[in-house]
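Let me begin by presenting the structure, written as structure tokens, before commenting on it.
Nothing in this text is a laboratory measurement; each read-out follows from the coordinates by a stated rule. Since the model is a prediction, treat every value here as computed from it, not as a measurement. Quick reminder, even Gly has a Cβ in these numbers, built from the backbone with ideal geometry, and neighbours come from all protein chains shown.
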Amino acid sequence: MRCTVAWAAALAGLALGRPAPENKAALAPRAGQAIVDSETGFTFSEYRAPNTLNSNIIYRIAVPQGATAPFDLVVQVIAPSSVGWAGLGFGGSMVRNPLAVGYANGQKATVSSRWATGHSEPASYSGASYKLLSTGNKVNSTHWQYTAKCSGCSQWQGSSGIQRINAAGSGRLAWAASLTKVPQPGSNSSSLTMHSAFNYWSHDFYTGANANFAELLARNGG
Ligand code: HEM
Ligand SMILES: *[C@@H]1O[C@H](CO)[C@@H](O)[C@H](O)[C@H]1NC(C)=O
Ligand SMILES: *[C@@H]1O[C@H](CO)[C@@H](O)[C@H](O)[C@H]1NC(C)=O
């Protein structure tokens, strides 16, 4: 019965061209909401990408306070089980910027480093690498989550020169996700089926600045 009511409300929301009111809080895009992750201790700047009418993919980034690119950063992604892969574009687009593509693999997730030169399946990218931390990685009955250190995500050679993430400011990021599971989840070079959704947002990196970044990394096996 509850299901029927929620569905009816969702339909009513669709008819009005906006999410149903009871889903509003869950769906509101928040770019730069500070989240202190109790498991890892990192302060992240969080964005919630609307995955469906009532679920989000959560993208979180922690940066070292006061750092000038290139610096290592920590990325945490929490996706509903229905999501096959979830990607993050550090320069705010699909093409010519580091892409972090994550997918569930048993009790952990695999994070794959990719780079696209066009709107086709992104290739492996050796300019960035990801190391899962010893904490913040899990798969449960509703979600999969990864927390990784990225080396190479804060600076790259873009289409018009060197691009950098400003740890003291904000910048455009992009996300994309597919509902299709990847065929080889244990491999970081698995093939990917094209996204079912994507979008951009302006991310406030400063909100996720950590004065004790190095100490937190060490504490979490990074
Ligand atoms: C099999 C892999 C992929 C294929 C075949 C693919 C293909 C495409 C195509 C055809 C478009 C243009 C869509 C349109 O304009 O309506 C597009 C746009 C886009 N894709 Fe992908 N994509 C793939 C993977 C990814 C990944 C891993 C990301 C990670 C963030 C991503 C992010 C985006 C974004 C943000 C756009 C919007 C336009 C842009 O920023 O360039 N894609 N993709
Ligand atoms: C996959 O992992 C290996 C070993 O860590 C690394 O050298 C390689 O760059 C990674 N490839 C991708 C696509 O992430
Ligand atoms: C699964 O993990 C996610 C992410 O940490 C959490 O939000 C969710 O509540 C967990 N679900 C269950 C059933 O424990």
Find the eigenvalues of the gyration tensor of the Cα atoms of segment 129-222, then list the square roots of 5 times those eigenvalues as equivalent ellipsoid semi-axes, largest first, in whole angstrom.
25, 21, 14
By how many nm would the segment from GLU39 to THR142 grow when fully extended, if each residue of separation counts as 0.36 nm and the alpha-carbon distance is taken off?
35.3 nm
Most positive-pole-ward Cα, THR52, PRO122, ASN97, against dipole of the chain from beta carbon charges:
THR52
Contour minus Cα-Cα span, PHE198 to THR117, at 0.36 nm per residue, comes to 27.5 nm
Setting aside same-chain residues fewer than 8 positions from LYS181, which aspartates and glutamates have a Cα under 16 Å from its Cα?
GLU121
Which angle from 0 to 90°, rounded to the nearest 10, does the C-alpha axis of helix 2-15 make with the longest principal axis of the chain?
80
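Given R₀ = 35 Å, what would the calculated FRET efficiency be for SER189 paired with SER134, taking r from the Cβ atoms and rounding to 0.05?
Efficiency, rounded to the nearest 0.05: 0.90.
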Amide H contacts under 5 Å for TRP144, restricted to residues at least 5 apart in sequence or on another chain and with H modeled in the peptide plane, are ALA79, SER81
Jot down the radius of gyration and Dmax of the chain, Cα atoms only, both in angstrom.
17.2, 56
What fraction of the DSSP beta bridges in segment 33-220 is antiparallel, stated in percent and rounded to the nearest 5?
95
Report the Stokes-Einstein translational diffusion coefficient (µm² s⁻¹, integer) for segment 69-125, Rh taken as the Kirkwood radius over Cα pairs, at 20 °C with viscosity 1.002 mPa s.
175
Rounded to the nearest 500, what is the 222 nm mean residue ellipticity of the chain from helices alone, with -39500 (n - 2.57) per DSSP H run of 4+ residues and division by all residues?
-3000 deg cm²/dmol
